[in-house]
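K.L.:
Here's a structure for you.
The values are calculated or read from the model by the stated rules, or taken from the named source; none is laboratory data. From a predicted model like this one, the values you see are computed outputs, not experimental measurements. As a convention, Cβ positions derive from the backbone with ideal geometry for all residues, glycine included, and neighbour counts pool all protein chains shown.
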Amino acid sequence: MLLKFIGCLSSLAAAACFALSAAELPDLPEPVSNNAVASVTIRGKTYVVSFMGIGPGKQHSDIHNKVFMHTLGEFGWHEMPDVPSQQRLQGRVAASAVALNNNFFVFGGFAVNADGTEQTAADSYRFDPITKRYTRLNDIPVPVDDAVALTYQNRYIYLVSGWSDHGNVNLVQVFDNYTQRWSQATPFPGKPVFGLAGAMADNQMLLCDGVALEYYRDKKREYKAEPACYLGTVGSNANQIDWRIVPHPTGQARYRMAGINTEMAGKHILAFIGGSTTAYNYNGIGYDGNAATPDSKIWVYSLAEQRWLSAADTTAVMDLRGLVKVDGDIYSVGGMQNNQQVSPQLIKHTIKLQ
């Protein structure tokens, strides 16, 4: 990118060349995975942000509170003020971020202590990309990490399922940006899971997979991948959700993939990208001791047809906490690629139906 930029400066078409280069979305300043990501457009400017995550060492000490923001049409990324922490957490992974009403909202996540114990964060923040300031929100009623955050009517934010310190929860916690208050919606109907993925269009949300806890009479509980999808339709009240089972596209669960809504031929589709068929800890090593590998499959669900569509593979990536859409293109931001390599790349994922 730098060589291309220098070449542009020596050209009569420098401005046009620079705009083209910027539109390609430059790599992050440093590799980061399990980072919460989102994008928003305000008065014609598009901002892409990466909150917190884990660095390439993949140790507890590599988890941080760093924030990077890129403005489309400008060169490179800029480091923003760190995400605050009322619990004095040195960093978080598995947080959730969304864009709503020209701001970014950051929820939950967990920190890892030197002894390996984990702590779910309770505090949440609104970040203004113009003033670059944080405003503390009311704490999540039940703190969660590895949950799914979805927005509705440019007012509500749903936090679905996830892990809370000692186990999974089946809650759908709703933040109302008008009143700044939390409430509880119709609970998630499946097994409580963490590391699930979801997307929402209009008043319909689709949640898939994640990891459940299996309990036994004669041995300790185990983490088990949960291949299951549920479609929720929000009623006249934002807290009322009609849940239905959706047949799973493959029967094999993916962990820490990411979902996003987009359109094809004028119709809403929900796309699920990346992840791994091996459930793993924050370092990319499976709970069963095997190294996780990233998946290249794209799952596409048509809301109009109420069925899964077949799509071509994409670049394999895992450990995602979201996807961003810029000028109609879908990108993952960082994550892990082959051999659990923490990546600085922004990967464009083009959906090609088969």
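K.L.:
Could you list, in sequence order, the residues of the range 112-134 that are in contact with a Gly (Cβ under 8 Å, 6 or more places away or on another chain) and more than 13 Å from PRO84 (Cα to Cα)?
P.N.:
THR120
K.L.:
Right, another one. Being crowded, with 19+ Cβ neighbours inside 10 Å, β-branched (Val, Ile, Thr) and under 21 Å from VAL300 (Cβ atoms) is the filter here; which residues of the range 312-351 pass it?
P.N.:
THR314, VAL317, VAL324, ILE330, VAL333, ILE347
K.L.:
Of the residues PHE127, PHE110, PHE188, which is farther than 29 Å from VAL246 by Cα and free of Cβ contacts under 8 Å to residues at least 60 places away in the same chain?
P.N.:
None of the other options fit; the residue is PHE110.
K.L.:
Right, next: Among the listed residues SER85, SER96, which satisfies the condition of being under 23 Å from PHE194 (Cβ atoms), of a type in the set (S, T, N, Q) and either surrounded by fewer than 20 Cβ atoms within 10 Å (Cβ to Cβ) or at pLDDT below 95 (or both)? Let's see the steps before the verdict.
P.N.:
Working: SER96 fails: either surrounded by fewer than 20 Cβ atoms within 10 Å (Cβ to Cβ) or at pLDDT below 95 (or both).
Of SER85, SER96, the one residue that is under 23 Å from PHE194 (Cβ atoms), of a type in the set (S, T, N, Q) and either surrounded by fewer than 20 Cβ atoms within 10 Å (Cβ to Cβ) or at pLDDT below 95 (or both) is SER85.
K.L.:
If you don't mind, there's one more thing I want to ask. Given the criteria touching a residue at least 60 places away in the same chain (Cβ under 8 Å), loosely packed, with under 13 Cβ neighbours inside 10 Å and under 22 Å from LYS325 (Cβ atoms), does ASP209 qualify?
P.N.:
Working: touching a residue at least 60 places away in the same chain (Cβ under 8 Å): yes; loosely packed, with under 13 Cβ neighbours inside 10 Å: no; under 22 Å from LYS325 (Cβ atoms): yes.
Against the criterion (touching a residue at least 60 places away in the same chain (Cβ under 8 Å), loosely packed, with under 13 Cβ neighbours inside 10 Å and under 22 Å from LYS325 (Cβ atoms)), ASP209 does not qualify.
K.L.:
When you go through ASP319, ASP313, ASP327 one by one, which is the residue that is in contact with a helix residue (DSSP H, G or I) (Cβ under 8 Å, 6 or more places away or on another chain) and of a type outside the set (Val, Ile, Thr)?
P.N.:
One residue alone meets the criteria, ASP327.
K.L.:
Another question, if that's okay. What's the number of the only condition in (1) surrounded by 20 or more Cβ atoms within 10 Å (Cβ to Cβ); (2) closer than 28 Å to ASP176 by Cα; (3) charged (D, E, K, R) that ARG254 fails to meet?
P.N.:
All conditions are met except number (2).
Residue by residue, here is whether (1) touching a Cys at 6+ places or on another chain (Cβ under 6 Å); (2) under 22 Å from ASP202 (Cα atoms); (3) in contact (Cβ under 8 Å) with a residue 40 or more places away in the chain holds:
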residue	(1), (2), (3)
ASN138	no, no, yes
VAL142	no, no, no
TYR158	no, yes, yes
ASN168	no, no, yes
TRP182	no, yes, yes
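K.L.:
Also, quick follow-up: Any chance the range 127-141 includes a residue that's more than 16 Å from the chain's Cα centre (by Cα) and under 30 Å from THR277 (Cβ atoms)?
P.N.:
Yes: one or more hits.
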